[in-house]
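*Asks:* One structure follows; several queries about it will come next.
The values are calculated or read from the model by the stated rules, or taken from the named source; none is laboratory data. Note that the structure is a prediction, hence the values are computed from the model and not measured. Neighbour counts run over all protein chains shown; Cβ positions are idealised from the backbone, glycine included.
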Amino acid sequence: MTGRNLGQLALPGAAIGALAGLAALGLAVIAGQPLGWALATGLALGLPLTLLGGGFGLLMAAGKISPGVFAPTALYWLAGFPLARLVHEMLAGLLLTGRPALPPDVLGFLAYQAIVSLGFAIGFSWLYERVAPGWLRRIRHGNPRAERLYQFYLRHAEAQWKARESRRRARAAARAVRSKGVS
């Protein structure tokens with residue numbers, strides 16, 4: 001596996017992490033924070049989330065996290081999101097004051113971020129499951145792990161389609177039986 005192949009596999013998750021950093025920057029601007037502060041928060045949060053998002057993609061490609069299963073994603077972000085927020089606090093302090101800053105109650109801060117991580121995990125998972133299959137389809141020919149993961153998504157989509165069609169046929173048959181009974 002080449003570095004290029006690994007980078008390709010990490011890209012969807014890294015892009016989502018970077019997008020979260022941009023969202024933090026935008027929210028800081030909307031909240032009326034000075035531009036320097038907004039840029040510092042976007043960079044300080046975006047950097048660790050980009051790295052963690054890329055790591056998520058690599059774990060997915062290695063088969064350590066299963067596509068479509070939320071619990072491993074939630075556990076990943078249960079550890080990763082509080083860590084990213086702690087790095088964010090320290091980096092933002094470093095960028096703004098020249099000294100890294102820790103929250104006054106680090107354990108309380110980490111516990112709260114662990115609670116918030118579930119919401120982040122839901123959003124990350126939702127975006128990843130929509131972005132990654134299309135990206136994997138594009139890179140699969142030169143990347144064996146991408147091909148394997150893409151085939152998983154393809155089989156999953158086919159199974160979902162078959163199940164939906166089966167339910168649709170069952171509902172149509174039930175309507176036909178009810179309409180015959182009413183006549």
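*Asks:* Among the residues of region 8-36, count how many are over 16 Å from the mean Cα position of the chain (by Cα) and surrounded by fewer than 17 Cβ atoms within 10 Å (Cβ to Cβ). Please lay out each step first, then the result.
*Replies:* Narrowing region 8-36 to residues over 16 Å from the mean Cα position of the chain (by Cα): 25-36.
Checking which are surrounded by fewer than 17 Cβ atoms within 10 Å (Cβ to Cβ) leaves us with 26-27, 29-36.
The qualifying residues number 10.
*Asks:* With the structure loaded, tell me whether Ala101 is outside any helix (DSSP H, G or I) and either within 16 Å of the chain's Cα centre (by Cα) or surrounded by 12 or more Cβ atoms within 10 Å (Cβ to Cβ) (or both) or whether it fails that test.
*Replies:* Values: outside any helix (DSSP H, G or I): yes; either within 16 Å of the chain's Cα centre (by Cα) or surrounded by 12 or more Cβ atoms within 10 Å (Cβ to Cβ) (or both): yes.
Answer is yes for this residue.
*Asks:* Which one of Gly36, Gly21 is modelled with pLDDT of 95 or more and either in a helix (DSSP H, G or I) or under 19 Å from Trp126 (Cα atoms) (or both)?
*Replies:* Working: Gly36 fails: modelled with pLDDT of 95 or more.
After applying the criteria, what remains is Gly21.
*Asks:* Follow-up question, since we're still on this one. Pull out all pairs, ordered by first then second residue, where Cβ-Cβ is under 6 Å, the residues are six or more apart or on different chains, the first lies in region 152-175 and is under 18 Å from Leu136 (Cβ atoms) and part of a helix (DSSP H, G or I), and the second is at pLDDT below 90 and of a type outside the set (Asp, Glu).
*Replies:* From residues that are under 18 Å from Leu136 (Cβ atoms) and part of a helix (DSSP H, G or I), the pairs are Phe152/Pro67; His156/Gly68.
*Asks:* Please enumerate the residues belonging to region 85-121 that are of a type in the set (A, V, I, L, M), in contact (Cβ under 8 Å) with a residue 40 or more places away in the chain and closer than 14 Å to Leu75 by Cα.
*Replies:* Scanning region 85-121 gives Leu118, Ala121.
*Asks:* Further question on the same structure: Examine region 154-167 for a residue that is surrounded by 13 or more Cβ atoms within 10 Å (Cβ to Cβ) and either among the hydrophobic types (A, V, I, L, M, F, W, C) or under 20 Å from Val69 (Cβ atoms) (or both), and state whether such a residue exists.
*Replies:* Residues of region 154-167 that are surrounded by 13 or more Cβ atoms within 10 Å (Cβ to Cβ), as a first pass: 154, 156.
Okay, now just the ones that are also either among the hydrophobic types (A, V, I, L, M, F, W, C) or under 20 Å from Val69 (Cβ atoms) (or both), so 154, 156.
Yes, some residue in region 154-167 is surrounded by 13 or more Cβ atoms within 10 Å (Cβ to Cβ) and either among the hydrophobic types (A, V, I, L, M, F, W, C) or under 20 Å from Val69 (Cβ atoms) (or both).
*Asks:* Same structure again: Residues being within 18 Å of Ala23 (Cβ to Cβ) and either modelled with pLDDT under 90 or surrounded by 13 or more Cβ atoms within 10 Å (Cβ to Cβ) (or both): count how many of those fall in region 127-149.
*Replies:* At the first step, the residues of region 127-149 found to be within 18 Å of Ala23 (Cβ to Cβ) are 127-128, 130-131.
In the following step, the residues that additionally are either modelled with pLDDT under 90 or surrounded by 13 or more Cβ atoms within 10 Å (Cβ to Cβ) (or both) were identified as 127-128, 131.
Of the residues in region 127-149, 3 are within 18 Å of Ala23 (Cβ to Cβ) and either modelled with pLDDT under 90 or surrounded by 13 or more Cβ atoms within 10 Å (Cβ to Cβ) (or both).
*Asks:* Now for a different question. For a quick check of your reading of the model, give me the residue pairs whose first member lies in region 38-60 and is without any contact (Cβ under 8 Å) to a residue 24 or more places away in the chain, whose second is small (Gly, Ala, Ser) and in a helix (DSSP H, G or I), with beta-carbon atoms closer than 6 Å and at least 6 apart or on different chains.
*Replies:* Ala38/Ala28; Gly42/Gly21; Gly42/Ala24
*Asks:* Quickly run through region 89-136 and pick out the residues that are touching a Gly at 6+ places or on another chain (Cβ under 8 Å) and over 22 Å from Gly42 (Cα atoms).
*Replies:* Glu129, Ala132
*Asks:* Right, here's the next one. Under 26 Å from Tyr153 (Cβ atoms), in a loop (DSSP other than H, G, I, E, B) and in contact with a Leu (Cβ under 6 Å, 6 or more places away or on another chain) - does that describe any residue in region 57-75? If you could, list the steps in order and put the result at the bottom.
*Replies:* First, pick out the residues of region 57-75 that are under 26 Å from Tyr153 (Cβ atoms): 57-75.
Adding the requirement that they be in a loop (DSSP other than H, G, I, E, B) leaves 62-69.
Checking which are in contact with a Leu (Cβ under 6 Å, 6 or more places away or on another chain) leaves us with 65.
The answer is yes; a qualifying residue exists.
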